[in-house]
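Undergrad: Take this structure first; my questions come after.
Rule-based calculations on the coordinates, nothing more; no lab input. These numbers come from a predicted model, not from an experiment. Backbone-built Cβ (ideal geometry, glycine too); neighbour counts: all protein chains shown.
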Amino acid sequence: MKDGRKLFGMIQEETAETVKIYLPTGEQVIIKTADILKRDDARNSGMASSFAYTLNERDVAELPAWIMTLE
């Protein structure tokens with residue numbers, strides 16, 4: 001960020017003016033795109049690659065819907 005902060009999280013929504021990010025703590029942060037100095041995408045997922053294999057098919061299908069309710 002232009003103010004020296006570094007934010008890490010999942011982008012939930014983005015417009016030309018703002019970016020809504022969910023931080024790993026669950027906190028939601030809305031920042032102005034004009035305040036962003038540099039942006040990088042994570043090279044790896046925070047979720048273990050074998051995670052889906054520990055769930056049944058229904059759980060895998062319901063997981064994205066549940067994540068979207070976390071506001």
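Undergrad: Taking region 1-17, which residues are over 23 Å from residue 64 (Cβ atoms) and not hydrophobic (A, V, I, L, M, F, W, C)?
TA: 2, 3, 4, 5, 6, 17, listed by residue number.
Undergrad: Okay, next question. In region 1-12, which residues are surrounded by 11 or more Cβ atoms within 10 Å (Cβ to Cβ) and free of Cβ contacts under 8 Å to residues at least 12 places away in the same chain? Before the answer, list the steps.
TA: Within region 1-12, the subset surrounded by 11 or more Cβ atoms within 10 Å (Cβ to Cβ) is 1, 7, 9-12.
Within region 1-12, 11 is the sole residue that qualifies.
Undergrad: Could you check region 18-38 and list, in sequence order, the residues that are surrounded by 10 or more Cβ atoms within 10 Å (Cβ to Cβ) and charged (D, E, K, R)?
TA: Hits for region 18-38 are 20, 32, 35.
Undergrad: Sticking with this one: Show the residue pairs meeting these rules: Cβ distance below 9 Å; 6+ apart or different chains; first residue within region 52-71 and closer than 21 Å to residue 20 by Cα; second residue part of a loop (DSSP other than H, G, I, E, B).
TA: Here the result reads 63/55; 70/26, each pair linking region 52-71 to a residue that is part of a loop (DSSP other than H, G, I, E, B).
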